[in-house]
Amino acid sequence: MRAAAISTPRLDKMPGMFFSANPKDLKETGHSLLDDKTQKRRPKTFGMDVKAYLRSMIPHLESGMKSSKSKDILSADEVMQWSQSLEKLLANQTGQNVFGNFLKSEFSEENIEFWLACEDYKKTESDLLHCKAEKIYKAFVHSDAAKQINIDFRTRESTAKKIKAPTHTSFDEAQKIIYTLMEKDSYPRFLKSNIYLNLLNDLQANSLK
């Protein structure tokens, strides 16, 4: 007798079972501090890259796993909260990654990289401040920095003096300027961008399945 064919249910038709992308897929904004900014070129397949990134952000369907309230699940409500303020966006790890990817598309990822470096710097042990301050200064603040941030001459000079005897607040002035720049310039465009709106729409559609 021929064995009856066993049909396998399609995973994308199983309601209520979706999980977040692999965390490794979300870390797309990391770059070497020594990258030469002048060598950047917009890839011809940028549109496809954005689509691929969005697919990695949308929760995947998994078989044989519980539909849980895991912290790893990215919800539409969570993404909607990003539109409330830049502070809310940057307080979320996935938000940082998505916003960083957007800034990369505008060739201004040095802003969020510097801001994140400053946040990390504030948590540094005192005996390591000098070494880390030098690295941040050379990477972002120095006039010849590969990823030079857009700050005025006075702030640049003031920061250079502060890191000679570094404290946890040595970069506060420069960090505040970059935060304000992102808040008034990049953030409003991000909220109107395809990378944000498509992600939100896809998550809302998934929540209705």
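The values are calculated or read from the model by the stated rules, or taken from the named source; none is laboratory data. It should be emphasised that the depicted structure is a prediction, and the values quoted were computed from it without experimental measurement. Reconstructed Cβ throughout: ideal geometry from the backbone, glycine too, with neighbour counts over all protein chains shown. What goes into the accessible areas is simple: the full protein's heavy atoms, side chains included, and nothing from ligands, DNA or RNA. Shrake-Rupley method; radii C 1.70, N 1.55, O 1.52, S 1.80 Å.
Each residue, K192 and Q81, gets one label point 7 Å from its Cα in the Cβ direction; the gap between the two is 2.7 nm. In this Cβ point-charge picture (+1 for Lys and Arg, -1 for Asp and Glu), segment 110-209 has a dipole of about 100 debye about its Cα centre.
Shown for segment 69-160: the carbon plus sulfur share of the solvent-accessible area, taken with all protein chains present and a 1.4 angstrom probe, equals 48%.
Which links in K123/K176; K135/K184; K123/K164; K104/K184 stretch past 21 Å when you go from one Cα to the other? Long pairs (Cα-Cα over 21 Å): K135/K184. Compared with the direct C-alpha span, the chain from K88 to D144 gains 16.9 nm at full extension, assuming 0.36 nm per residue.
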